[in-house]
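> Pasting a structure here, questions to come.
The values are calculated or read from the model by the stated rules, or taken from the named source; none is laboratory data. Quick caveat, the model's predicted, so the values are computed rather than measured. We place every Cβ from the backbone using ideal geometry, glycine too, and count neighbours over all the protein chains shown. Keep in mind that these areas ignore ligands, DNA and RNA; they rest on the heavy atoms of the full protein, side chains included. Shrake-Rupley method; radii C 1.70, N 1.55, O 1.52, S 1.80 Å.
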Amino acid sequence: MGYSFQYIILGGGVAAGYAAMELEKLGLRQGLLGIIYKEENIIPYDRPCLSKDCLNPNLPAGGIVVPSTSRTYAHVSVGDWELKNLPSNWYSKKGIMLYPGTEILRANLRRKLLSSEKLVFHYETLIIATGSTAIRLADFGVEGDDAKNIFYLWNVDDANNLLDAMKEKKNGKAVVIGGGYVAMEITASLRLHNIDVTMVYSESWCMSQLFTCDIAAFYEGYYANKGINIIKETDVIGFSTNSAREVKEVKLKDGRVLEADIVVVSLGGKPQISLFKGQLEEEQGGIKTDSFFKTSVSDVYAVGDVATFPLKLYGEFRRFEHADHARKSAEHVAKVLHSCSCDLPWQFYGDNVAKKGNLVDKYDYLPHLNSCSFDLPWQFYGDNVAKKGNLVDKYDYLPHLNSCSFDLSWQFYGDNVGETVLFGDNNPGSSKPKFGTYWIKDGKVVGAFLEGGTPDENEAIAKVARLMPAVVDVNQLATEGLSFAIKV
Ligand code: FAD
């Protein structure tokens, strides 16, 4: 069966949801947009909630993940998220066609066709928002992750399965493999379910892609105080199972063997771009775009995790697997499409077939006005409206990542390069720890991290990272700490 749309978004995650919302705000006409995605029985949602509120037994929404189109999604405690507010019939009311449970297996960008097992879709404009998929242990040659009670957390089904296991194995033992922020959030949720948790990661400290060892020391200390065991600088090499194929042990490279009723693997993601191999230019493992998210093929855009775009702030190509960027890039591309909508049929009314018997050309007038007074004659031709098409500025993203677990919450803005300055109280035993770090490159603050900030303070560190003020004296910066950001 075949369908044809003016616009198709391939993907039904964070970017898809926000692109649809923005297009609708900008006047998208009914019937022009189709959204195709793999997950069944679900509408686009804010994926970050999977490892936060959805797994947290102490929040009102904790444990509520309803995989149904008439669902209410768990509340997302961080950021200014809106997808959760959309009623499930919003898409149908707006004339946006959803194709859940539809995996696209082939893309032919020359013919503008996407094919699933049973359906073929034709588009005029394609927005690729296929996001990332979990890096698996098999990618490192480790086998056995198909045993029962070994989980990856990437979608609502994964979250539901993990929640069921947490309830079933209450007071049991869990091993979390990975030291990133999602692994840390999952670990906190397991602990809150009274499960005895061990984290295992190969790096020297947690969240090593972003944290300095000083920042990490705080979180590792805090987690240890919550009774969480952390094993660093070793790898998982395999598992042992019982006769029911349930995981029982995790084997480490350093020879240790850990008992486990539940294992969660959280090693990060890799962009899903294989459908477009050889058809689109790539960069840094993603799809190369310009500042308007146009790819190397006309009428094809890419946003969210898959897009490698010119980051205006630093003048270089970057790719981010951050929900904040997924949302902002999606909203940006909607504005770009709207700005060139003079070329697109949502400005077209009626029927696009030639009418028989009408061989005389349409009246084709070039507007013209002139006047003269004294010895001043003037002429005007054309239209006195701003030219549509390039009214949207280049995407100007400030990198942003945040996370929360237990009663901790951190925000990071900018770039984590150069020397660092730590400030504040980073004692994991403090009753109200609050601390931060600045990154300084070429004499300027380029990045800022803050644990325990208020909304105003978080805004202040975002401003610092955006404006990149000069640092005269590094020692003074350490003494001033947060007040440096507040007065910028
Ligand atoms: P996704 O949201 O991943 O959506 C991709 C969509 O594409 C899916 O619907 C998928 O089914 C569909 N798709 C892919 N291939 C096909 C195909 N061939 N056919 C049909 N459909 C296809 N980021 C943060 O900034 N902060 C956080 O706190 C945070 N927490 C996270 C917690 C978890 C558990 C996870 C997994 C991620 C988290 N992230 C977080 C990352 C964030 O969720 C992603 O950056 C964001 O979801 C990217 O949005 P996207 O629309 O590009 O891709």
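> Any idea which of (1) modelled with pLDDT of 80 or more; (2) not in a loop (DSSP other than H, G, I, E, B) is the one GLY27 doesn't satisfy?
Unmet condition: (2).
> On to the next question. Look through segment 110-130, keep the residues that are hydrophobic (A, V, I, L, M, F, W, C) and over 18 Å from the mean Cα position of the chain (by Cα), and return whichever of them is nearest to the ligand (Cβ to nearest atom).
Filtering first and then ranking leaves LEU114.
> Moving on to the next point. Give me the strands (runs of 3 or more DSSP E) completely within segment 231-292, filtered to those with at least 2 residues that are open to solvent by 40 Å² or more (accessible area, probe 1.4 Å), ordered by residue number.
By residue number, 236-241, 247-252, 257-259.
> For segment 131-144, state whether one or more residues are within 16 Å of the ligand (Cβ to nearest atom), closer than 30 Å to SER4 by Cα and not polar (S, T, N, Q).
Scanning segment 131-144 turns up at least one residue that is within 16 Å of the ligand (Cβ to nearest atom), closer than 30 Å to SER4 by Cα and not polar (S, T, N, Q).
> A follow-up question, please. Out of all the residues in segment 407-423, which are farther than 20 Å from TYR397 by Cβ and open to solvent by less than 40 Å² (accessible area, probe 1.4 Å)?
LEU408, VAL421, PHE423
> Can you find, within segment 424-439, the residue that is most open to solvent (accessible area, probe 1.4 Å) among those that are among the small types (Gly, Ala, Ser) and under 31 Å from the mean Cα position of the chain (by Cα)?
If we take residues in segment 424-439 being among the small types (Gly, Ala, Ser) and under 31 Å from the mean Cα position of the chain (by Cα), then GLY424 is most open to solvent (accessible area, probe 1.4 Å).
> Within segment 44-59, which residues are buried (at least 24 other Cβ atoms within 10 Å of the Cβ), of a type outside the set (D, E, K, R) and in contact with a Ser or Thr (Cβ under 6 Å, 6 or more places away or on another chain)?
Matches in segment 44-59: LEU55 only.
> Does segment 198-218 include one or more residues that are open to solvent by less than 10 Å² (accessible area, probe 1.4 Å) and over 29 Å from ILE440 (Cβ atoms)?
yes
> Being touching a residue at least 24 places away in the same chain (Cβ under 8 Å) and in contact with a Phe, Trp or Tyr (Cβ under 7 Å, 6 or more places away or on another chain) is true for just one of LEU114, LEU190. Which residue is that?
Sole residue among the options that is touching a residue at least 24 places away in the same chain (Cβ under 8 Å) and in contact with a Phe, Trp or Tyr (Cβ under 7 Å, 6 or more places away or on another chain): LEU114.
> Taking the stated definitions as given, is GLU40 modelled with pLDDT of 85 or more and open to solvent by 50 Å² or more (accessible area, probe 1.4 Å)?
Here the answer is yes, as GLU40 does meet what is asked.
> Out of all the residues in segment 162-181, which are assigned to a helix (DSSP H, G or I), closer than 20 Å to VAL250 by Cα and open to solvent by 10 Å² or more (accessible area, probe 1.4 Å)?
If the condition is that a residue be assigned to a helix (DSSP H, G or I), closer than 20 Å to VAL250 by Cα and open to solvent by 10 Å² or more (accessible area, probe 1.4 Å), then GLU168 is the only one that fits.
> Can you report the number of residues in segment 193-220 which are part of a helix (DSSP H, G or I) and more than 16 Å from the ligand (Cβ to nearest atom)?
Of the residues in that region, 7 qualify.
> On to the next question. Is at least one residue of segment 221-228 away from the ligand (no atom under 16 Å from the Cβ), among the aliphatic types (A, V, I, L, M) and under 22 Å from ASP254 (Cβ atoms)?
Yes, the conditions are met somewhere in segment 221-228.
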